[in-house]
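Notes for the one structure printed next.
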Amino acid sequence: QVIKCKAAVLWEANKPFSIEEVEVAPPKEHEVRIKIVATGICRSDDHVITGALVVPFPVILGHEAAGVVESVGQGVTSVKPGDKVIPLFIPQCGECKSCLNTKSNLCSKTDLGNRAGLMPDGTTRFTCKGKAIHHFLGTSTFTEYTVVHESAVAKIDSDAPLEKVCLIGCGFSTGYGAALQTAKVEPGSTCAVFGLGGVGLSVVIGCKVAGASRIIAVDINSDKFAKAKELGATDCINPKDFSKPIHEVLMEMTGGSVDYSFEVIGRTDTMTAALACCHYNYGVSVIVGVPPAAEKITFDPMLLFTGRSWKGSVFGGWKSKDAVPKLVADYMKKKFVLDPLITHTLPWTKINEGFDLLRTGK
């Protein structure tokens, strides 16, 4: 059966979301239809609105969510109606080179690279006012019901609070994994985290869990420092308080350099600053923030020649289908907290207000 429900449709860039009635087609073979219970707002969604991330319009955005399986298509074996699940914007097909390699997690079936905005069969499951509406990153969670491919959904603990664990669908896992999986932060090390949004704070949590002895949080919004300290930051600095470049400030603070640095904003100038502040020979710098479209980085190659490592991290390096249920289990065992990452809870018809809160750093 086609389901008629409400969704937040983005008809074009730089316009607010429009709450519309949409038709959601039933799941085809190896597809799953999910009733979305809770969804988070992520800066990557905002990048689409501003044009920094280019996708086809009209589109239903959203990629950080949790819900309950409503129905499944033919051949689906990993989930059944009634299961609590998290949609995965990085799928895990289990067959491509990335999925078969233990060192990688970026499944070739992801829509991150080609951004076609369609299901794997090249069609969409959303219609509004007679028009086809595009999917976003294979998830599209700003809707009461969505359809995802079976490779892009993970079954989770039936007792998990969906309004909390939805963050494991993107923001938390991305930051936490950047520290634990991508950088492999070691006990006693010194870390610098640029950007203290939800993902940056999750990097702080990851560095603390990994046993870092010093975690320096960097943001131009000092209002974010109290929460960063609550979650494990040992020092907080605002680049606006200094006349010299921030990487020089960090090098002075640490007697030469940090061991690990993380750029969790998506700005090219902070990416090079993060690289420059880590140790010239064994330092590791990780790009976690989505880089802006059409921007290039210019930097002194000597920064890398001496031995530094510069890495990128998508979804924290986790293999999604394998890792998400385990991360939810770890949350249930209180290995980490999620509550401090949730600043506001709104009815989803107030989605435009939610984005305003994101843009003002609240």
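The values are calculated or read from the model by the stated rules, or taken from the named source; none is laboratory data. Everything numeric here is computed off the predicted structure, so don't read it as measured data. A quick note on method: Cβ atoms are made from the backbone with ideal geometry, for glycine too, and the neighbour counts reach across all protein chains shown. Note: areas computed on protein heavy atoms with side chains; ligands, DNA, RNA excluded. Shrake-Rupley method; radii C 1.70, N 1.55, O 1.52, S 1.80 Å.
Select the helices (runs of 4 or more DSSP H) contained entirely in region 272-360, then report the ones holding at least 2 residues which are in contact with a strand residue (DSSP E or B) (Cβ under 6 Å, 6 or more places away or on another chain) and over 16 Å from SER261 (Cα atoms). Please lay out each step first, then the result.
Values: elements: 302-305, 320-332, 351-359.
Once the helices (runs of 4 or more DSSP H) in region 272-360 are filtered for at least 2 residues that are in contact with a strand residue (DSSP E or B) (Cβ under 6 Å, 6 or more places away or on another chain) and over 16 Å from SER261 (Cα atoms), what remains is 320-332.
Count, please, the residues in region 259-285 that happen to be open to solvent by less than 20 Å² (accessible area, probe 1.4 Å) and among the polar types (S, T, N, Q).
Residues that pass the stated criteria total 2.
Could you say which residue among LYS334, LYS311 is free of Cβ contacts under 8 Å to residues at least 24 places away in the same chain and basic (Lys, Arg)? So that I can check it myself, show each step before the final result.
Details: LYS311 fails: free of Cβ contacts under 8 Å to residues at least 24 places away in the same chain.
LYS334 is the lone residue from the list that is free of Cβ contacts under 8 Å to residues at least 24 places away in the same chain and basic (Lys, Arg).
Exactly one of these conditions fails for THR139: (1) farther than 30 Å from ILE237 by Cα; (2) of a type outside the set (Asp, Glu); (3) surrounded by fewer than 24 Cβ atoms within 10 Å (Cβ to Cβ). Give me its number.
Looking at each condition in turn, THR139 falls short on (3).
I'd like the residue in region 82-111 that is under 15 Å from the mean Cα position of the chain (by Cα), more than 15 Å from HIS30 (Cα to Cα) and assigned to a loop (DSSP other than H, G, I, E, B) and, out of all such residues, is modelled with the lowest pLDDT.
First, pick out the residues of region 82-111 that are under 15 Å from the mean Cα position of the chain (by Cα): 86-91, 105-106, 110-111.
Restricting the remaining residues to those that are more than 15 Å from HIS30 (Cα to Cα) gives 86, 89-90, 105-106, 110-111.
After this cut, where a residue has to be assigned to a loop (DSSP other than H, G, I, E, B) as well, the list is 89-90, 105-106, 110-111.
Working: PHE89: 96, ILE90: 96, ASN105: 96, LEU106: 95, THR110: 87, ASP111: 79.
The extreme case among them is ASP111.
Looking at region 95-113, is at least one residue within 30 Å of GLN74 (Cβ to Cβ), open to solvent by 10 Å² or more (accessible area, probe 1.4 Å) and touching a strand residue (DSSP E or B) at 6+ places or on another chain (Cβ under 9 Å)?
Yes, there is a match, as at least one residue in region 95-113 is within 30 Å of GLN74 (Cβ to Cβ), open to solvent by 10 Å² or more (accessible area, probe 1.4 Å) and touching a strand residue (DSSP E or B) at 6+ places or on another chain (Cβ under 9 Å).
Looking at SER243, SER202, SER213, which one is open to solvent by 30 Å² or more (accessible area, probe 1.4 Å) and within 26 Å of the chain's Cα centre (by Cα)? Before you say what the answer is, go through the steps one by one.
On the way: SER243 fails: within 26 Å of the chain's Cα centre (by Cα); SER202 fails: open to solvent by 30 Å² or more (accessible area, probe 1.4 Å).
Of SER243, SER202, SER213, the one residue that is open to solvent by 30 Å² or more (accessible area, probe 1.4 Å) and within 26 Å of the chain's Cα centre (by Cα) is SER213.
Which one of these does GLY256 not meet: (1) crowded, with 24+ Cβ neighbours inside 10 Å; (2) at positive phi?
(1)
Conditions tested, residue by residue: (1) surrounded by 12 or more Cβ atoms within 10 Å (Cβ to Cβ); (2) touching a Pro at 6+ places or on another chain (Cβ under 7 Å).
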| site | (1), (2) |
| --- | --- |
| ILE287 | yes, no |
| SER320 | yes, yes |
| LYS334 | no, no |
| VAL337 | yes, no |
| THR349 | no, no |
| GLY361 | yes, no |
